[in-house]
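The values are calculated or read from the model by the stated rules, or taken from the named source; none is laboratory data. None of the values given here were measured: they were computed from a predicted structure. Neighbour counts run over all protein chains shown; Cβ positions are idealised from the backbone, glycine included. Areas reflect the complete protein model, heavy atoms only, side chains present, ligands, DNA and RNA absent. Shrake-Rupley method; radii C 1.70, N 1.55, O 1.52, S 1.80 Å.
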Amino acid sequence: MATRTIGESIRLTKRRKSFSESYIGEWIMTIDHKKLGIMYMVTAFFFFLVGGTEALLVRTQLAVPDGKVLTAEIYNQLFTMHGTTMIFLFVMPMLTGFGNYVVPLMIGARDMAFPRMNAFGYWVVLFGGLFLSASFLFGQAPNAGWFNYAPLNELTTGCGATAVSCTTGLNTDFWALGILMLGVSSIAGSLNFVVTILKMRAPGMTINRMPLFTWMTLITAFLLLFSLPSVTAASILLLLDRHIGTHFYQAGAGGDPLLWQHLFWSFGHPEVYILILPAFGMISEILPVFSRKPIFGYTFIAWSGVAIGFLSFTVWAHHMFAVGLPMVAQAFFATSTTLIAIPTAVKIFNWIATIYGGKVRFTASMMFAVGFIAMFLIGGLNGAALAVVPFDYQVTDTYFVISHLHYVLFGGTVFAVFGGIFYWFPKISGRLLNERLGKWQFWLMLVGVNLTFFPMHILGLLGMPRRVYTYAGNLGWNELNLLSTIGAFIIAVSIMVFVWNFIVTLRSGEKAGDDPWDAYTLEWDTSSPPKAYNFEVIPTVRSRRPFYDKKNPDIADWKTATH
Amino acid sequence: MRMPKFRGVKRWGTIISALLLSSILLAACGETSPSILNPQGPVASKEAGLFWFILVVATIVFVAVESVLIYSIVRFRERPNMPNPRQLHGNNTIELIWTIVPSLFLFAVLIGTIYTMFNLNSISGQGRIIDIKVVAHQWWWEFDYTNDNIVTADELVVPVGTVIRTTLASSNVIHSFWIPQITGKTDVVPGRANEKLFRADTPGTYLGICTEYCGLQHANMRFQLVVLPQASYVSWLHNQQSAAQTPTDPNATAGMKLFQGSCVACHGIVGVNLQPGGQQLTAQYGGGSATTLKGPNLTHFATRTTIAGLVLTWNPQSCVVGTDSSGKPAIQNPAACGLYKWLRDPQAVKPGNDMQIGKLSDTQIAQLIAYLESLQ
């Protein structure tokens, strides 16, 4: 270096920028967990808009009886893709995105353990999502429902006891291949989270001092690793059935259609906790900061998450109460489902206790978090009702179930996601989202969600089955369906408010500073947005609230608390 | 800044409670709906009873938890000069209490659940149990009265107060058998013979619905449960067991010729292309591959009131056969006649169904309708 002449130096500075240094190249070539996290979240939000549009079309068709907006075939493709998109392309990548961005910062690491595998996981999700959505271009989007039951998902020949046509065309192939691709990405992501969280924590951050969002991300990663093999096997067997001539799911040839259901739901039920546990984690970060108190019952929240994780592998057949399992088996699954409600209840009580006795600041983020508790409670209660087997015989596969799952996933996860966006956006972008617009969004969304999904309880009790593209006008379902459709459009308006807020904030939002919320965890103990290396000096941790300790050295947790 | 939020909280509470109240009223009083809260048989009654039980438990929990939540955010909202709260990390006694209390609630519900589950099928009724094999097709229902040698479609006719034991078979994919006011669902799984017992206690007509997504026309796979008084059921059964009469009316005779010419490829009529007891459904779907008639048995078609999985109604009064301007037979008011619409273009009425027919002339349709009307 010392021998370099002046001339060489000038030539170096005039060198054309390489692709990886250009703005686009920086994003495409990146292996930085923060950039990848942002890419995950933006991609997920794009698919949220896609899935939301599908839902609006579905609701438009059902607004009035004998709807004529969509044909039966298009309707069936739309409801299938709505479920598939929201679960696999919105919620999962969104939560992975949060994990990617926040977890390494929270635990005081400079990046994920395997940055390149992290990038690989992102690109597979993007292209897997585009592959699934491209099916619409062929007019052959998946149309057998998001759980794609056998033998409806089989090809023409040898389907069922006699050769009656089932799903012909590429629809189901798109679904099965898409799910396989997304599974690859999730495995990569989960391994990365497990290793990162177990091996890369800052000095002093024991497992018992990890932030709860990190805890929940770790549990989620294990759930994915143990549940994905099942749906992967199911999809491969399905592809073999469809193209190689095997008969795994064909009753007429010695197979069993229920094999699909067992394989699918032994993935599918851990999956619903995969969709909610990170949301629990976000709530457990947001509530303490805006209540000015530590989380109440840290150990109980963490270990109830572990309990939920284990129990989630024992409840899958509660999706199958009506298929004719032996009564004793049904009683077992009713019991395990009852058990899993207990740790969930414990979490809710701990969150409320965190607010109780605090000094509550109503930021938009906090409002979403409180809205989460209120809505998730409804989803929990009607979920517990579904574990009452004889009542389940009546309401399974009706709109009652649709109501339940949306209270959990929309009232629950989506509220938490927006809570998380309002909470971490200043860290990610350096700017504060507009609080006023955020509160408008919250109230519109709260009204919209209840208007859309509450009437569905009643529709289910009144006998309306799910997945019907049309219904007769004389069954007493008309007003409630119209109400529900109006609610769906109110939700759409609330999302538009968010998009507007997002654009306005990026252009001219208020500067956030490094620690706008006076928060407790390490991600706030660095610049907003953080530099590529995250921390100039890796912090040392002495309690569960390291940044609180740093700001309040006299009353630091490690001096006063007993853990 | 703060006050509007609390007005909002109240408003939201009002909305929820108003919805909750109206929901229960609506669901219980919905006379025209196939409401599970208006049960007309012992199975659905037990299931509805559990609902009211859970509703009470869930309402108590809901009100208790949401009140504490709302109280907390109102009482502990940040006010000017408020000191920092005590940094409380938890309390094991409280944790223990709120682990045990909800467990008690949940296990109370679980005991009710398991008790009802094991008692759901212990029902008794008048006379012998009637065995009916239910066959689910894409997308209509067929009913094989195993011991009485009759087969019907779209309409399941049973006597009041008698235990009905259905065996559920599928000819293709998974369907689900559900009559909300009489009994909860049991899936119809290919290769399995699930059983479902029920009893209907009030004569009347009840909607039956397929509730497992089964393909394109899943929405249009319904049936009617017709519950008759004992005596009416006996006479209905005797009529069903007789062979179809050969018609005398010239239009109907022409219609029968047409029927024999092509419709018999898929449809059976006892006395035309089937012997009495000739269509044995029982053997077909046990896993074997015997060829079968694809469409519904039409022997006593005119006794039905609905067609095509309840997409259309069938009413002879609105399908009067007259003559057109050139003196040929024609339906007088085709727009009002469901059967006319069906025979004109079944794929327009229910896209994707198995009835693939060529275009029939208005005369042919009128003749076929005249024949089908004669099948009393």
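I want to check the label-to-label distance for residue B:335 and residue B:231. Put each point 7 Å from Cα in the C-beta direction and report it in nm to one decimal.
4.3
Mind listing the long-range amide H neighbours of residue B:375? Cut-off is under 5 Å, sequence gap 5 or more, other chains count too, H placed in the peptide plane at 1.01 Å from N.
B:302
Once you treat every alpha carbon in the range A:459-513 as an equal point and sum by Debye, what is log10 I(q)/I(0) at q = 0.18 Å⁻¹?
Log10 I(q)/I(0), no solvent term: -0.70.
Give the aspartates and glutamates reachable from residue B:359 as a straight Cα distance under 19 Å; neighbours fewer than 8 places away on the same chain don't count.
B:324, B:345
Using Cα pairs under 8 angstrom and six or more residues apart, how large is the relative contact order of the range B:130-240, in percent?
29
Past the 18 Å Cα-Cα mark, which pairs from B:294/B:350; A:199/A:347; A:35/A:427; A:68/B:185; A:293/A:559; A:35/A:531?
Beyond 18 Å: A:199/A:347; A:68/B:185.
Taking every pair of alpha-carbon atoms in the range B:130-240, give the share separated by more than 17 Å as a whole percent.
49
Using helices alone, I'd like the mean residue ellipticity at 222 nm for chain A: each DSSP H run of four-plus residues gives -39500 (n - 2.57), total over residue count, nearest 500.
After summing the helix terms and dividing by residue count, I get -21500 deg cm²/dmol.
Between the range A:414-452 and the range B:306-371, what is the C-alpha centre distance in whole Å?
56
How do A:53, B:162 stack up against each other in accessible area, from largest to smallest, with a 1.4 angstrom probe?
Largest accessible area first, the residues go A:53, B:162.
Show that you can apply the helix-only estimate: for chain B, add -39,500 (n - 2.57) for every DSSP H stretch of four or more residues, divide by all residues, and state [θ] at 222 nm to the nearest 500.
One gets -12500 deg cm²/dmol as the mean residue ellipticity at 222 nm.
Protein chains only, probe 1.4 Å: how do B:238, B:89 rank by accessible area, largest first?
Heavy-atom accessible area, descending, gives B:238, B:89.
Give a residue-ordered list of calculated ³J(HN,Hα) values for the range A:532-547 (Karplus: 6.51 cos²θ - 1.76 cosθ + 1.60, θ = phi - 60°; whole Hz; x for Gly, Pro).
Whole-Hz 3J(HN,Hα) from phi for the range A:532-547: 4, 8, 6, 10, 5, 10, 5, x, 9, 10, 10, 7, 7, 10, x, 6.
Go through A:502, A:406, A:146 and say which Cα lies farthest out towards the positive end of the charge dipole of the protein assembly as shown; charges sit on Cβ, +1 for Lys and Arg, -1 for Asp and Glu.
Farthest towards the positive end: A:502.
Round to the nearest 0.05 the FRET efficiency obtained for residue A:24 and residue B:101 when R0 = 51 Å and r is the Cβ-Cβ distance.
Using R0 = 51 Å, I get an efficiency of 0.35.
Given 10 Å bins starting at zero, what is the percent of C-alpha pairs of the protein assembly as shown in each, up to the one with the largest pair distance?
Each 10 Å bin holds this share of Cα pairs: 2, 11, 20, 23, 18, 12, 7, 5, 2, 1, 0, 0.
As an exercise, use a Förster radius of 22 Å and the Cβ-Cβ distance of residue B:128 and residue B:376 to find the FRET efficiency, rounded to the nearest 0.05.
0.20
Using each residue's phi in the range B:102-112, evaluate 6.51 cos²θ - 1.76 cosθ + 1.60 at θ = phi - 60° and report the 3J(HN,Hα) Karplus result to the nearest Hz, with x for Gly and Pro.
Going residue by residue, I get x, 4, 4, 4, 5, 6, 4, 5, 4, 5, x Hz, with x marking Gly and Pro.
Report relative contact order for the range B:31-166 in percent, whole number only (criteria: Cα-Cα under 8 Å, sequence separation at least 6).
After rounding, I find 18 percent.
Relative to the present Cα-Cα distance, how much length would full extension add between residue A:180 and residue A:559 at 0.36 nm per residue of separation?
So the extension gain works out to 131.4 nm.
At a temperature of 37 °C and a viscosity of 0.692 mPa s, determine how fast the range B:250-373 diffuses translationally according to Stokes-Einstein, using the Kirkwood radius over alpha-carbon pairs as Rh; express D in µm²/s, rounded to the nearest whole number.
D, rounded to a whole number, is 213 µm²/s.
Please tell me the relative contact order of chain A in percent, rounded to the nearest whole number, where contacts are Cα pairs under 8 Å and at least six residues apart.
Relative contact order here is 16 percent.
How big is the antiparallel share of DSSP beta bridges in the range B:130-240, given as a percent to the nearest 5?
70
So how strong a dipole does the range B:250-373 carry about its Cα centre when Lys and Arg Cβ are +1 and Asp and Glu Cβ are -1, to the nearest 20 debye?
Roughly 80 debye, rounded to the nearest 20.
In chain B, what % of DSSP beta bridges are antiparallel (nearest 5)?
Given both bridge residues lie in chain B, the antiparallel proportion sits at roughly 70 percent.
For residue B:201 and residue B:326, calculate 0.36 nm times their separation in residues minus their Cα-Cα distance, and state this gained length in nm to one decimal.
In short, 39.7 nm is gained.
Can you list the HN-Hα couplings for the range B:174-191, worked out from phi with the Karplus curve (6.51, -1.76, 1.60; θ = phi - 60°), rounded to whole Hz and with x for Gly and Pro?
7, 10, 9, 9, 8, 10, x, 7, 10, 7, x, 8, 9, 6, 9, 10, x, x
Once the convex hull of the alpha carbons of the range A:174-256 is built, what does its volume come to per residue, in cubic angstrom?
Cα convex hull per residue, to the nearest whole number: 103 Å³.
Take the Cβ-Cβ distance between residue B:88 and residue B:63 as r, set R0 to 25 Å, and report the resulting FRET efficiency rounded to the nearest 0.05.
Approximately 0.45, to the nearest 0.05.
Which GluC sites (Glu not before Pro) in the range A:470-563 pass both tests, a DSSP loop state and at most 14 other beta-carbon atoms within 10 Å?
Listed in order of number, the matching sites are A:536.
Report the antiparallel proportion of the DSSP beta bridges in the protein assembly as shown as a percent, rounded to a multiple of 5.
That works out to approximately 70 percent antiparallel.
log₁₀ I(q)/I(0) of chain A at q = 0.06, 0.09, 0.10 Å⁻¹, via Debye over equal Cα point scatterers, no solvent, to two decimals?
Those come out to -0.31, -0.69, -0.85, one per q.
In a solvent-free Debye calculation with one equal scatterer on each Cα, what is log10 I(q)/I(0) for the range A:30-93 at q = 0.13, 0.21, 0.30 Å⁻¹, listed in the order of the q values?
Those come out to -0.43, -0.78, -1.14, one per q.
Explain nothing, just the number: dipole magnitude of chain A about its Cα centre with +1 on each Lys and Arg Cβ and -1 on each Asp and Glu Cβ, in debye rounded to the nearest 20.
1900
Return one number: the angle in degrees, 0 to 90 and rounded to the nearest 10, between the long axis of the Cα atoms of helix B:42-75 and the longest principal axis of the Cα atoms of chain B.
30
Dividing the convex hull volume of the alpha carbon atoms of chain B by its residue count, what do you get in Å³ per residue?
Taking the convex hull of the Cα positions in chain B, it is 198 Å³ per residue.
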